[in-house]
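For reference, the structure is listed below as structure tokens.
The values are calculated or read from the model by the stated rules, or taken from the named source; none is laboratory data. For clarity, every value in this text was computed on a predicted model and none was experimentally measured. Cβ atoms come from the backbone with ideal geometry, glycine included; neighbour counts cover every protein chain shown.
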Amino acid sequence: MVSQDLFAQLRGVVVRRRGKAVLGPIDLDLSGGGFTVVLGPNGAGKTTFLRVLHGVERITSGSVTWSEPAKTAQQGQAYVFQSPIMLRRSVRANLAYPLQLLGLPKTEIAARVVHWAARIGLSAAMDFPAPRLSGGEQQKLALARALIRLPDTLFLDEPCANLDGRSTREIEEILREATQAGARIIMTTHDLGQARRLADRVLFLNNGQVEEQGAADNFFTAPKSPGATGFLNGDIIE
Amino acid sequence: MSEIWAGMAEAFLLIWSRDADLIEITLRSLQVSLSALVIASAVALPLGTWLAIRRFRHRRFVIATLNALMGLPPVVVGLIVYLLLSRSGPFGVLGLLFTPAAMIIAQVIIITPLIASITHQAMRELWSDYHDLLISLNTTHGQRIATLILDGRRTLMTAALAGFGRAIGEVGAIMIVGGNIDHVTRVLTTAISLETGKGDFALALGLGFVLIALSLMVNLAIHSLSRTEREGRW
Amino acid sequence: MIRTLLIALSLTGAAVQAETLRLAVTTSFNNSGLSDVLLPAIARDIGLDVQLLVVGTGQAIRLGQSGDVDAVLVHSKAAELAFVADGYGSHRREIMYNDFVLIGPSEDPAQVSAAKSVTDALKRIAQVQSTFVSRGDDSGTHRKELALWDAADRDPTDFTQWYREVGAGMGGSLNSASAMNAYILADRASWLNFGNTGNLSLLFAGDPTLFNQYAYLPVNPKRHAHVKAKAARDLENWLVSSRVKQIINGYEIGGEALFVFNARP
């Protein structure tokens with residue numbers, strides 16, 4: 001169940017690598033459903049931020065608190081990586097894998113696998129080895145594999161970075177359906193057009209700090225920080 | 001050179017006539033080495049996989065030790081196992097010395113580090129591919145090991161075959177702990193050693209060719225098994 | 001009546017099949033081929049399944065000391081007496097003897113075939129410094145060889161590279177001698193049964209010093225309670241019987257008898 005209320009709190013979160021602070025300190029309240037898009041120049045710390053939220057990045061100091069206990073929270077989350085990670089198995093087996101981990105009954109697994117394979121247009125390729133799919137097909141498969149668990153929160157790290165227009169459109173459709181079904185989506189992207197199309201809320205990251213956050217319309221029409229203004233202008237941010 | 005031809009002829013004759021002794025020692029060779037392979041794999045495959053995914057303080061040291069153990073001279077292993085299993089030794093009361101069981105024990109000790117090391121290399125690669133995904137999906141350690149072993153099974157097969165090759169061609173350790181007793185612990189390699197010592201090179205070579213053929217057949221059998229899986233999946 | 005008889009027969013059959021005995025013997029003994037004749041006879045006559053461990057004398061003694069075998073059959077009197085004296089063996093029973101012979105290249109560079117005695121032969125070899133292969137493995141044959149050098153007033157530790165210690169059994173050492181075209185001291189049985197003679201031939205024999213006594217030593221059950229003392233006794237009694245005397249004296253290779261039975265009842 002996703003509410004419009006607060007779902008995560010970050011307090012004093014700092015991530016250091018090799019002595020250098022790559023992220024933080026960050027104090028942030030996250031609330032609401034729909035699309036939260038994380039924007040920022042390269043190296044701003046977007047991926048690290050996402051991984052921190054998902055709990056797969058070690059925090060040097062500070063805390064991330066979810067509205068549910070940490071274990072249940074992570075079980076209700078799914079993550080799609082920028083480069084899709086395919087299991088060296090068939091399409092069918094890739095889709096079934098997360099459900100097998102949960103110990104769902106075979107009939108349930110089979111039903112969901114068939115449904116999602118059809119949704120991403122790979123019904124005819126069920127037994128095809130996943131690593132041999134095209135880039136776009138792999139990313140769609142990764143997305144379906146993430147959504148097959150019906151997560152509350154879906155993280156995506158630049159999901160369409162290496163894809164053509166058609167695959168991008170198909171993926172954005174699936175994402176919209178997911179939010180309509182009740183999932184909240186937190187994603188990073190380089191593509192300002194995509195951000196404009198999808199975002200309900202924007203977080204602007206620069207140099208490891210959250211420089212701006214707020215409703216999408218406000219951000220795109222009237223950015224407050226110089227970094228954000230420059231970024232929207234297409235300037236190089238250092 | 002003529003002796004090599006004589007050896008091949010001898011091998012052919014032995015097989016053609018279905019020589020009873022040959023069949024007996026061949027079956028025993030397979031029994032000992034395959035048993036050792038199964039036991040060693042049961043230990044080494046999970047161990048190598050576990051080492052690939054687990055981070056702990058002395059990990060580098062353990063891996064280095066494992067790689068070093070691959071170089072254990074088999075005859076030294078045989079000597080140590082003999083001293084342990086001897087009636088005057090700690091485990092003498094088990095009465096295992098000069099039986100096929102002792103040979104299996106020695107070979108397990110010899111091939112486990114080899115299989116574990118190859119497994120570790122292969123699983124490390126696969127783990128670096130799967131790492132982010134499996135962590136993201138909240139997998140337990142057991143689930144990770146199972147997934148890696150399942151998806152890496154082709155490389156693991158190679159590791160197992162390497163172990164088998166080492167075992168079936170081994171002679172130093174099993175000579176000491178088995179005693180090369182006729183009809184009890186004589187296998188192809190120890191028989192070759194015996195016949196060479198008697199100066200009967202033709203027979204020794206003949207047995208040698210049988211051993212090579214056996215090893216090839218096992219390799220081919222396993223590879224063809226994995227390929228039939230291939231047609232279905234890949 | 002018939003039924004009882006049959007049951008009795010089958011029981012004896014079962015009892016006769018059961019017993020095994022581990023016997024450590026030397027490579028020289030095994031290479032003679034005599035064991036291939038004796039073992040089936042033992043199984044037939046006294047229902048004992050003898051498991052032969054064919055090793056060097058040193059290792060055979062060692063196996064007896066640690067109780068890993070039930071009895072030992074070797075040919076090294078000094079080592080045997082020590083074995084019994086130290087309590088590892090219950091006693092020593094002489095069974096048979098064969099002889100050692102001097103093998104060498106057919107050209108015979110050291111003129112060994114003309115020697116008057118074995119000490120003379122060895123002196124000639126040392127003089128000419130012809131290549132000589134030694135067992136070097138602390139076996140009965142090796143110890144005999146060292147005793148002969150001693151009798152010839154020569155010390156092998158002074159020898160230079162013409163004296164080659166190979167550290168192998170009789171067959172392996174003969175292989176090396178064949179490959180190096182060298183002189184070597186061997187037991188007659190192993191020589192006659194050897195398949196890779198090359199350019200070697202038998203050059204000197206017959207000196208009584210070259211006689212080679214084989215003895216049977218059961219491992220002392222007081223030292224190792226688990227050994228099969230009764231089976232070892234049965235085997236010993238069989239080995240000194242007149243039946244075995246016939247087998248051993250009648251055992252020939254190429255028309256030549258190898259062993260002389262000399263057990264006293």
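Structure above, values below:
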| item | result |
| --- | --- |
| Candidates B:G178, B:G165 - the one that is away from chain A (no Cβ under 14 Å), surrounded by fewer than 22 Cβ atoms within 10 Å (Cβ to Cβ) and in contact (Cβ under 8 Å) with a residue 24 or more places away in the chain | B:G165 |
| Test result for B:L51, at pLDDT 90 or above, farther than 14 Å from B:H120 by Cα, out of contact with any strand residue (DSSP E or B) (no Cβ under 7 Å at 6 or more places or on another chain) and not aromatic (F, W, Y) | no |
| Every residue from segment C:44-69 that is more than 9 Å from every other protein chain (Cβ to nearest Cβ) and not aliphatic (A, V, I, L, M) | C:R44, C:D45, C:G47, C:G56, C:T57, C:G58, C:Q59, C:R62, C:G64 |
| Among residues of segment C:77-125, those that are of a type in the set (K, R), out of contact with any Leu (no Cβ under 7 Å at 6 or more places or on another chain) and not assigned by TED's automatic domain parsing to the domain that holds C:W149, counted | 2 |
| Selection count, segment C:133-147, where residues are more than 15 Å from the chain's Cα centre (by Cα) and either in a loop (DSSP other than H, G, I, E, B) or within 12 Å of chain B (Cβ to nearest Cβ) (or both) | 1 |
| Residue pairs meeting the criteria (Cβ under 8 Å; at least 6 apart or on separate chains; first in contact (Cβ under 8 Å) with a residue 24 or more places away in the chain, in segment B:205-221; second polar (S, T, N, Q) and in a helix (DSSP H, G or I)) | B:V210/B:T26; B:L211/B:S29; B:L211/B:T189; B:L214/B:T26; B:L214/B:S29 |
| A:V64 being at pLDDT below 90, part of a loop (DSSP other than H, G, I, E, B), aliphatic (A, V, I, L, M) and at negative phi | no |
| Among residues of segment C:158-217, those that are farther than 24 Å from C:F259 by Cα, among the hydroxyl-bearing types (S, T, Y) and in contact with a helix residue (DSSP H, G or I) (Cβ under 9 Å, 6 or more places away or on another chain), counted | 1 |
| Looking only at segment C:224-265, and only at residues there that are charged (D, E, K, R) and surrounded by fewer than 16 Cβ atoms within 10 Å (Cβ to Cβ), the one that is farthest from C:D70 (Cα to Cα) | C:E256 |
| Residue match in segment C:171-185 (condition: surrounded by fewer than 23 Cβ atoms within 10 Å (Cβ to Cβ), under 20 Å from C:P208 (Cβ atoms) and not basic (K, R)) | no |
| Answer from A:I174, A:I109, A:I148, A:I120 - the residue that is β-branched (V, I, T), more than 14 Å from every other protein chain (Cβ to nearest Cβ), within 28 Å of A:D5 (Cβ to Cβ) and free of Cβ contacts under 8 Å to residues at least 60 places away in the same chain | A:I174 |
| Lone qualifier among B:V210, B:V184 - being under 22 Å from B:I23 (Cβ atoms) and either within 14 Å of chain C (Cβ to nearest Cβ) or surrounded by fewer than 19 Cβ atoms within 10 Å (Cβ to Cβ) (or both) | B:V184 |
| Residue satisfying all of: in segment A:60-93; more than 10 Å from chain B (Cβ to nearest Cβ) and out of contact with any strand residue (DSSP E or B) (no Cβ under 6 Å at 6 or more places or on another chain); surrounded by the most Cβ atoms within 10 Å (Cβ to Cβ) among these | A:V91 |
| Candidate set: segment A:37-59, residues that are touching a residue at least 12 places away in the same chain (Cβ under 8 Å) and small (G, A, S); chosen: the one surrounded by the fewest Cβ atoms within 10 Å (Cβ to Cβ) | A:G55 |
| Scan of segment A:150-171 for residues that are surrounded by 15 or more Cβ atoms within 10 Å (Cβ to Cβ) and part of a helix (DSSP H, G or I), ordered by number | A:S167, A:T168, A:E170, A:I171 |
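For every residue, the table says whether it meets (1) in contact with a strand residue (DSSP E or B) (Cβ under 7 Å, 6 or more places away or on another chain); (2) at pLDDT below 90; (3) in a strand (DSSP E or B).
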| site | (1), (2), (3) |
| --- | --- |
| A:S3 | no, yes, no |
| A:F7 | yes, yes, yes |
| A:V15 | yes, no, yes |
| A:G24 | yes, yes, yes |
| A:L30 | yes, yes, yes |
| A:G33 | yes, yes, no |
| A:V37 | yes, no, yes |
| A:A44 | yes, yes, no |
| A:T48 | yes, no, no |
